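Take a look at the structure set out below.
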Amino acid sequence: MSTSKLPAFKVAQASEARKQFLLRWRLERKLDLALRMQQAEESCLAMVAEAGAGYAQNLRPFDTSVCVGDIRLLRQSDIQEPGRLLYVLVLYVRNDNLTSLVVPFSTYSTPCCKDEWLTGLEGEPLKVLQFWNAQPVPTFALAQSWRVGTFDEERLEVAQTLYHHAISGSWPHGDVREKVGLAILNPNDERLAYQQEELAQFTKLRNRLFTLQQTATLQAKRVVAFDTKGAFTFVKEKKTFKQPERLAASSGDVFAEVHLCQEEKVVASLRAKRETDATTQTFHWSIVGNKAHLLPGFPACLYGNNAKKPLLAQGQTECDGSVITFKPATPAAFTRIQKAAFVRIVIALPKIND
Amino acid sequence: MPKENIHKVEPQSWQEWKEACSIERCRSKKTLQQLSTFGRLRLDAALRSISPEVASHYCAADLGNRAWLKIEQYLYAGAFDKQKKECKAYKDQILEGCTDSSHFEAILSLKVKQEIARWILSEECFRIVQKKDKETGRKKYAYIRDESLAEELDDLTDQNDGVYVEPASASDDEAVEGAAAFKAKQFWAGLNTSKNAIKRLMLVCLLNDIWDMNAVLSSGLSDCKKTKLYAERETLLKSLEMLDWGSECKEPAEKAYMTRRMLPHLKEICEKWLNTAENSELKRFIVTAGSATCA
């Protein structure tokens, strides 16, 4: 058979050190499965699987500001396997779709496949990152976890590069390649069963993401109206909020009323002060006063009285949840928001403890 | 302290430990003793059946809190300063889902017997074999110290031939994929003659995981004898193995790797071909025989 048109390529053998990764991984996996079987025989799992709360006393509050490079420990109720300490690296925080991209750490100490990387961290549960299992999760759910450390810039940069290799299927090179595992080529490879198990850890968070997206969509579809005096009404619920009187001797600051809603019920009303970034055509509203219900990554709608449809922009809460950001889709929408005489912001709270 | 209380960790002791970062910072003797015992007994229970030697190394009664410190070392995730509040997050995480102190102890026990035991054993390079108990006939796992990693590495090589080969450099990533796609087209075209019709049928079966030649015979898709089908399949597998991948790809493992990279492309071509009207009968057979194989 002719090879005259065959594109030129070169393949190479993986180093001995990386072959040892697979060997070591298989050893750990065997031990893991056998110990799990022992525990199942001893019926230890039934008691552990009880869902519950109530014993929790003086728990450290969650670290609600989610930042790129955070190493976070997810809360128990967001993880499928009872008792699992699931650490994740925050790779990206998206300010446009309510999610953050996280990469989980493996329970094993060596990379099992091409898209797992030996981080160089000494802590046993932080030795290997699973890029193949990178997940978008709701940022507000991530805000309900604990920060236990941070990746330095150099390590974070490598992690981001490796994530792109994972999604494109390409290979890292040089020193970085020496820290990743070997590719899975055989459909019967035992590593695929492990990947299935690990994917399942995120079932609850995927459900929360689905609920969040539903909440955001429903809020954007809610029918609202302004009257000539600026009173704001949720039409279906027939709930009206009068426009508060302006304070005398205004400093020129622009304020808006903010309603926190959960399933069509208003759970709190707050005020927020506007800051405009003309360069990026973005509005940031900082909540004034009680921020108790707030977390980053909640969907928000900005309504104004000067357009056919009151919904002027959709945005989200950021930082620790006390800043609401809107980036209007067009310059015309940006101008409409600036010129609106009456504006209201509605933050839609998903069920945060489901 | 009365001896019967040693095995129980009182809620106050858990509380002190939770506040104090590590057992080393707990002041109460009772707490120290209860936690040390808790850790020692759990870890010993997990390790002793596997390796009395390792169990004694960590869990002998005269070693004080060594077992508990090993447990903490794992839970702390090692990389951080134990004095910082971040390092206690694991305690909050475990406590968050618990109903009472027994539930908390059950979760912690499971972690010790499963994750921490695995960690210690794999650090000690143990491996597992399955043995039959002579008296009861029951299958049991036995753990033996892995004297020679090389032995298992050979086993790996045999099992996953070709798995160690990869594109050599960044520019080879796409080139490998391109070569695999090119070769798939070329290979398929080579079977596109009436002389090779049976071979192509065998390839379609292979790509769709159909190995039962009786099913092929009874489908009426070929009037060959069974021995001929087997012979054609053998020749097909040989020709896949012998494909010429150029001068830079001569080693058997390298060729096997490239053939594996080629198979998804070949399957894609095959699916397109099966979806044409003249192949509807074959497609029906593939779907039916494929699902029968799965069942």
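Ratio of the range A:278-354's C-alpha Rg to 2.2 N^0.38 Å, to two decimals?
That ratio works out to 1.12.
Starting from one equal scatterer on each C-alpha and no solvent at all, send me the Debye-based log10 I(q)/I(0) for the range A:144-209 at q = 0.14, 0.22, 0.23 Å⁻¹, two decimals.
Log10 I(q)/I(0), no solvent term: -0.68, -1.17, -1.17.
If the limit is 24 Å between Cα atoms, which of A:LYS19/A:LYS127; B:LYS225/B:LYS272; B:LYS226/B:LYS255 go over it?
Going by Cα-Cα distance, B:LYS225/B:LYS272; B:LYS226/B:LYS255 fall outside the 24 Å limit.
For the pair A:ALA307 and B:GLU241, how long in nm is the line joining their label points, each one 7 Å along Cα→Cβ?
With each label placed 7 Å out from Cα toward Cβ, I get 6.8 nm.
Can you compute the helix-only [θ] at 222 nm over chain A? Use -39500 (n - 2.57) per DSSP H run of at least 4 residues, normalise by all residues, nearest 500 deg cm²/dmol.
-8000 deg cm²/dmol
Report the semi-axes of the equivalent ellipsoid for the range B:170-294 in whole Å, largest first, where each axis is √(5λ) for an eigenvalue λ of the Cα gyration tensor.
Three semi-axes, in Å: 28, 16, 13.
Round to the nearest 0.05 the FRET efficiency obtained for A:GLU154 and A:ALA17 when R0 = 22 Å and r is the Cβ-Cβ distance.
After rounding, the FRET efficiency stands at 0.55.
R0 = 45 Å: FRET efficiency of B:THR227 with A:HIS164, Cβ-based, nearest 0.05?
With R0 = 45 Å, the Cβ-Cβ based efficiency is 0.30.
Could you please state, rounded to a whole Å, how far the C-alpha centre of the range A:283-317 is from the C-alpha centre of the range A:197-262?
If we compute the Cα centre of each part, the gap is 6 Å.
Cross-link partners among aspartates and glutamates for B:LYS199, C-alpha distance below 19 Å, same-chain residues fewer than 8 apart left out?
Candidates past the 8-residue exclusion: B:ASP209, B:ASP212, B:ASP223, B:GLU232, B:GLU234, B:GLU241, B:ASP244, B:GLU268, B:GLU271, B:GLU278, B:GLU281.
Using 1/(1 + (r/R0)^6) with R0 = 41 angstrom and r between the beta carbons of A:LEU218 and B:ASP133, what's the FRET efficiency to the nearest 0.05?
That gives a FRET efficiency of 0.10.
For the range B:235-244, take each phi angle, set θ = phi - 60°, evaluate the Karplus expression 6.51 cos²θ - 1.76 cosθ + 1.60, and give the result in whole Hz per residue in order, putting x for glycine and proline.
4, 4, 4, 4, 5, 5, 5, 8, 3, 8
Taking amide H positions as placed 1.01 Å from N in the peptide plane, with prolines and chain starts having none, which residues 5 or more places from A:VAL102, or on another chain, fall under 5 Å of its amide H?
A:LEU91, A:GLN135, A:VAL137
Find how many whole Å separate the alpha carbon centroid of the range A:328-351 from the alpha carbon centroid of the range A:94-115.
Comparing the Cα centres of the range A:94-115 and the range A:328-351, I get a distance of 34 Å.
Output the pairs from A:LYS179/A:LYS351; B:LYS29/B:LYS70; A:LYS236/A:LYS351 with a Cα-Cα distance over 30 Å in this structure; if there are none, say none.
A:LYS179/A:LYS351
Could you check which residue among A:ALA166, A:ALA34, A:ALA134 shows the biggest mean-square fluctuation in a GNM of chain A with a 10 Å Cα cutoff?
A:ALA34
Once both labels are modelled 7 Å past Cα along the beta-carbon direction, what's the A:LYS239-B:GLN186 spacing in nm?
6.9 nm
What distance in nm separates the two pseudo spin-label positions at A:ALA8 and A:VAL266, each 7 Å out from Cα along the beta-carbon direction?
That separation, rounded to one decimal, is 7.2 nm.
For chain A, modelled as a GNM with alpha-carbon contacts under 10 angstrom, which of A:VAL224, A:VAL235, A:VAL343 fluctuates the most?
Most flexible of the set in this elastic network: A:VAL235.
Which cross-chain or sequence-distant (5 or more) residues have an amide H under 5 Å from the amide H of A:THR150, H modelled 1.01 Å from N in plane?
Excluding prolines and chain starts, which carry no amide H, the hits are A:ILE71.
Calculate one ³J(HN,Hα) per residue across the range A:262-274 by plugging θ = phi - 60° into the Karplus curve 6.51 cos²θ - 1.76 cosθ + 1.60, and present them in order as whole Hz with x for glycine and proline.
10, 6, 6, 9, 8, 9, 6, 10, 10, 10, 9, 9, 8
I need the P(r) histogram for the protein assembly as shown: all alpha carbon pairs, bin width 10 Å from 0 out to the longest distance, whole percents.
3, 13, 18, 18, 18, 15, 10, 4, 1, 0
If we restrict to alpha carbons, what Rg and Dmax does chain A come to, in Å?
Reported Rg and Dmax, both Å: 25.0, 89.
Past 18 Å, Cα to Cα: identify those pairs from A:LYS273/A:LYS327; B:LYS195/B:LYS228; A:LYS238/A:LYS265; A:LYS30/B:LYS113; B:LYS91/B:LYS111, in the order given.
Flagged as over cut-off: nothing, all pairs pass.
What's the longest piece of chain A with no exposed trypsin sites (Lys or Arg not before Pro), counting a site as exposed if DSSP puts it in a loop and it has at most 10 other beta carbons within 10 Å?
Longest gap between qualifying sites, sites excluded: A:6-228.
Between A:GLN316 and residues 5 or more places away or on another chain, which pairs have amide H atoms under 5 Å apart, with H built 1.01 Å from N, and which residues are they?
Those lying under 5 Å, H to H, from A:GLN316 are A:ALA300, A:THR325.
Quick one: Karplus J couplings for the range A:283-292, per residue in order, coefficients 6.51, -1.76, 1.60, θ = phi - 60°, nearest Hz, x for Gly and Pro?
10, 10, 10, 9, 5, 9, x, 4, 10, 4
Using just the alpha carbons, could you tell me how many Å³ per residue the convex hull of the range B:3-124 encloses?
Value for the range B:3-124: 105 Å³ per residue.
Where a Cα-Cα gap under 14 Å defines reach, which aspartates and glutamates qualify for B:LYS30, not counting those fewer than 8 residues away within the same chain?
B:GLU4, B:GLU10, B:GLU16
Only the coordinates and a few stated rules stand behind these numbers; no lab work does. A quick note: this is a predicted structure, and the numbers were derived from the prediction, not measured. Methodologically, a virtual Cβ is constructed for each residue, glycine included, from the backbone with ideal geometry; neighbour enumeration extends over all protein chains shown.
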